[in-house]
1. Can we say A:Leu660 is under 23 Å from A:Gly422 (Cβ atoms), in a helix (DSSP H, G or I) and in the same structural domain as A:Ala416 (by TED's automatic domain parsing)?
2. How about segment A:132-164: which of its residues are surrounded by fewer than 17 Cβ atoms within 10 Å (Cβ to Cβ), of a type outside the set (A, V, I, L, M) and assigned to a strand (DSSP E or B)?
3. Looking only at segment A:450-468, which residues are among the polar types (S, T, N, Q) and under 22 Å from A:Pro608 (Cα atoms)?
4. State which residue pairs qualify: first residue closer than 24 Å to B:Lys141 by Cα and inside segment B:69-90, second residue of a type in the set (Ser, Thr, Tyr) and open to solvent by less than 30 Å² (accessible area, probe 1.4 Å) in any location, beta carbons under 6 Å apart, and separation of 6 or more residues or different chains.
5. Among (1) without any contact (Cβ under 8 Å) to a residue 60 or more places away in the chain; (2) of a type outside the set (A, V, I, L, M); (3) open to solvent by less than 10 Å² (accessible area, probe 1.4 Å), there is one condition A:Arg305 misses while meeting the rest; what is its number?
6. So the check is Cβ under 7 Å with 6+ separation or different chains; which pairs have a first residue in segment A:378-407 that's at pLDDT 95 or above and crowded, with 21+ Cβ neighbours inside 10 Å and a second one that's among the acidic types (Asp, Glu) and not in a helix (DSSP H, G or I)?
7. Please go through segment A:514-558 and pick out each residue that is closer than 25 Å to A:Glu712 by Cβ, hydrophobic (A, V, I, L, M, F, W, C) and open to solvent by 10 Å² or more (accessible area, probe 1.4 Å).
8. Among the listed residues A:Tyr610, A:Tyr599, which satisfies the condition of being closer than 30 Å to A:Pro686 by Cβ, hydroxyl-bearing (Ser, Thr, Tyr) and modelled with pLDDT of 95 or more?
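The values are calculated or read from the model by the stated rules, or taken from the named source; none is laboratory data. All values derive from a computational prediction rather than experimental measurement. Cβ: placed from backbone, ideal geometry, glycine included. Neighbour counts: every protein chain shown. For accessibility, only protein heavy atoms count, side chains too; no ligands or nucleic acids. Shrake-Rupley method; radii C 1.70, N 1.55, O 1.52, S 1.80 Å.
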Amino acid sequence: MGQYSIVGQRLPRTDGLAKVTGQGMYAGDFTMPGMLRGKILRSPLPHARILRVDTSRAERLPGVKAVITGRDTLGVKFGAPRFGPKHMDEHALAMDRVRYIGDEVAAVAAIDEDVAEEALRLIDVEYEELPAVFSPDEALLPGAPQIHAHAPGNISRRIVFDLGDVEKGFADSYHIREDRFSTHGQAHAPMEPHACLAHFDASGKLTIWTSTQVPYYVKNDLALTLGMPATAVRVILPLIGGGFGGKADGMYALEFCAALLSKKTGRPVQIVYSREEVFVATRRRHPITIQLKTGVSKDGAILARQAKCVLDGGAYNGLGVVTVVLCGYLLNLPYRLGSFKYEGLRVYTNNPISAAMRGHGAPQVHFASEMQMDRLAEDLGMDPLEIRIKNGLRTGDVTLNGFHINSGSLEECIRAVAEKSGWQEKRGKLPPNRGIGIGCSGFYSGASYRLRPDLPVYSAAIVKLNEDGSVQLLSGATDSGQGCDTLLMQIVAEEIGLSFADVRLTRADTDITPVDLGNFSSRETMYAGNATRSAAADLKQKLLVELSNLLEANADDIEIREGKVFVKGSADRTKPFRDLAHAIYLRRLGKPLVGEGTYDPPDKINYPAYGFGAHVTEVEVDPESGEVTLLDVVSTHDCGRAINPLAVEGQLEGSVHMALGWTLMEDVTLEEGRVMNPSFLDYKIPTALEMPPVTIAHVETDDPEGPFGAKEVGEGALCPIAPSVASAVGNAIGKKIDCLPLTGAQITRK
Amino acid sequence: MKSIKLEINGVQHEVEVAPWRTLLEVIREELQMTGTKEGCGLGECGACSVLMDGKTVNSCLVLAAEANGKRITTIEGLAQAERLHPIQQSFIDNGGFQCGFCTPGMIMSTKVMLDDNPNPTDDEIKKGISGNLCRCTGYAKIFDSIRAAKVAMAASSDGRGGA
C-alpha cells in the first residue's frame, strides 16, 4: 500500500460547523417571500375507485391559494425507466384509483399549515371501495383482486436465474437441507422528515430544494411528469437529514405537488411531511420470505443452492423492481456456490410501498443464508466458522453470476472477529441462557447496471482553481449524512498534494455540478470518488504546466506536497501552493483552470468492487420474558482502504444500531394495510440506552478499482448483524430461529 | 392572539401568538431561528430540545403561551462570538453526528446534563441523551463526544472549555 498524507486521516467532517451551530439549512428550514405551505390529502382506504372529487369548498376557504387533483396533472406515470413503461406504475396524484392507505389524492397550497390542513378536510372524495389483498399469499391466489391492470396475477416483477447445473449439484450432494425464513418490514425513519421547497419563476424555470438522495433523478422525474425539458428544472441539494434508501427512489409526491402548486400559484411552495406521513406514505424495507435449499459435500462445500424469494411489494414498484433482482445477486455472496437457481417474485399488495432500504435485499437473504449455514455446520458436525471459511469467497474468485472478487476475503473478516470476540473460548462453553453467534455478508460498491437510461453518465466532477489559490470541487454526489463530502475533499487534497483546508466544495446543484447519480447502492466513494480523483489529476497536470512556466523549471522537477510546491534540487525555492496558484490565476487573467473527470465502471453489468463483513454477537436471554441483552458486539467490514477511519467507524456503529433495531424492536406493523405504529412512540428505534458497545476489528485491503483502494462500508456492514444476533439467541436457548423480528414472544414460544 | 415575552439566547422578544402555537413554531417560524429541528412534532424524538429556564424541554410540546416570561436557550445561543461551546467543538472533533438533524437537540440535552452533573458516568451519559433519537451514528461517537466535552469543560476555569 502506498503512503498518503490526507487519505487515511481521521479528519473531522467538513459540514461540522454548520451542523453543531444550527446554521446548516435543511429543506424545511428555507423560507422565501410569499411562500405558501402545501399539504397532501391521502386515501383512507387500501383499495378504491375514485368516483368524484369535489374541491370547491376547500378552494373557497380564505387563505387557500390552489387545490390540485389528478385531473390537474398530465397523468404521466413515473418509476424506474430501465424496465420499460409498464414498470412505471405510479401517479404522483391518483387519477381514478387508490391502492394503499396513504395514496395521494389531492394537494393544497395555503398561506399557512393550519389553513392547508383545514382545506384538506373540506375536500370531498367519493370512493367505491374495492376488495383488497394484504399479503403476497392472498395476492397470488387465483381470482384475487387485481391491483394494476398491467400486472395480471399481481406480479410486480418475476426474475429467474439458472446458473450451473443445480440438479446435478443436489444429486452430488452428501447432505441437503431446505428451510423457510421470513423477514419483516422496517422503516427508514430518517430524523429529517421528507421536505422540499419548490419555486416556479416567471420564465418557467423550476427550482427545488429537496431532501433527496438522488437530485438528478428528481430533476428528470419532475421534467417527465410536468412535461418540461430537464434543463428547465434545477434541483439544489440542501443538507439532508438522513436517507438510508428512503429518499432514493427519485421523485416522491411531495416534490411533484410542491412544483405543480407553485406553477399554479406563481409563489414558492414548501411541503414538509409529518412523521406519520414518513411512516405511512414513503417507503419501507421489503418483508421477504425466503425458501432456501442448499446441498453440501461431506466436507461442507456448497454444491447447489436454490432459492425462492417472495417480496411483499406493496402498492407500487418504486425501486422494488430492483430489490427482487438484488436478492438473487446477493445470494451469490459471500460464498462460492457450485450451482445456483433463483426465483424472485415481487408481488403487489394493498400495503404501503416497499423499496430500497440500506442493504437493499441483502439483510433479508443474508439472514436466511447465514441461519442455514449454522444448521448445515451442525448437521455435518463442523464448526460454524469452519464451514464459512471453507466456502468464503476470496480475491481471484469469480461467482457464478460473474462477480469478480478483486480484493479481500471473507476468511480475513471471520478470523478478525473470531479473535477479537474470543469465539473459540466461548462457543459451546457459555453458561445457560448465554450464547454467541456469527453472521457474514458480502456487498458490492455501487451498481454499474444502468437503472436510468435517461441518465447515461455515472459520475463526473470538476475541480477548478480559485482566485485565492484554493481549489473548488464541483460534485453532484449526494451527502445525505454519511459523509462523502469530506471524503471527496480528502481525495482532491491527496491527489493534488494540498492540505485539506485548500479544498472547497460546491454540493449538488443540477445547474452547476456535473452529473452524479446519487447516494444509493454504496456508490459515492467508488463512483464520485474516482470521478473526483480523475478531475483532480487533470487539474494537477495543468497546474504543473503553469508552475513550470511560472517558476521556469522543468515540470518533472516540480512536486506539490502538503500544500507546498517544491522544485527538485533547490530547497530555497519551496513556496506555499496557494501563493503560486494565486499568481497563476493572475497570469491567466482569470481564465478558468479546470480539471475534468468522469468515472465509467469497467463492467456495465456487475460492480466495480466487492467487500466482506463478519459480525459476532454475544447475548444473554431471559427465558421467561424473552428479553435479549447484548453483551458483546464485534464488527468488521472490509472497506478497502479507509479514506477516513472516523467516517468508516461511524458507518459500522450506525449499521449496528439500524440492524439491531430491525432484529429486535422495529417492525412496520400492518392491519389490513394500515400502519398501526406510525410514530416513534409506537415504532421504537434503539435509544442510547439500548445501544451496546461496539468493538471494531479493523480489516483493510487495497482494492484495485476503488479510489486509493477504497470500497463501500455503508450497507454491507449492516447485513451480518441480524443473523449474528439470531444465531447467538438460538445458541443461548437451543432453538432454531426462522423469522424476524426476534420478539420476546417468538423466543419464549415452546 | 396573545402577546408574550420570551428571552431567547439573551435577547428579549415580544411576539403575538395564537393560543395553539408551540414554542417550536414560534422559534422556527416567527423568529426564523431554524437551528432547532422538528423531527416528529409529538415529543418523541428530542430533535426540538431547547433549554427553558435551564431545563431541557421538547419545544414541540410546549405552548408558546406557556413559555411567556421564560428564559430560552437554543442551539444558536451556545457559541459565544466566534468561539464554539466545548460541546460543539467536541461533537465536531469526535464525529458525534452524521446527518446532523438530531444534533442541535442532542447538544442541548448534553449541555443540561453536563451543567447538572459535570462528571457523568457512561451510564449517566446514556440516560442523559436517551430522549434524543439518532438514526445515523449508533450513538457511539456521541458518547465519545460527550466524554471529551466533559473533560474539556472541567479543564477550563469558566466551565466552557476556554481560558
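1. Working: under 23 Å from A:Gly422 (Cβ atoms): yes; in a helix (DSSP H, G or I): yes; in the same structural domain as A:Ala416 (by TED's automatic domain parsing): yes.
Yes.
2. A:Arg158, A:Asp162
3. Quick first cut of segment A:450-468, residues among the polar types (S, T, N, Q) only: A:459, A:466.
Correct list: A:Ser459 only.
4. Listed pairs, sorted by first residue: B:Thr74/B:Thr36; B:Ala79/A:Thr21; B:Ile87/B:Thr110; B:Ser90/B:Ser145.
5. (1)
6. The qualifying pairs are A:Ile405/A:Asp397; A:Ser407/A:Asp702; A:Ser407/A:Asp703.
7. Residues satisfying the conditions are A:Val515, A:Leu517, A:Phe520, A:Ala537.
8. Working: A:Tyr599 fails: closer than 30 Å to A:Pro686 by Cβ.
After applying the criteria, what remains is A:Tyr610.
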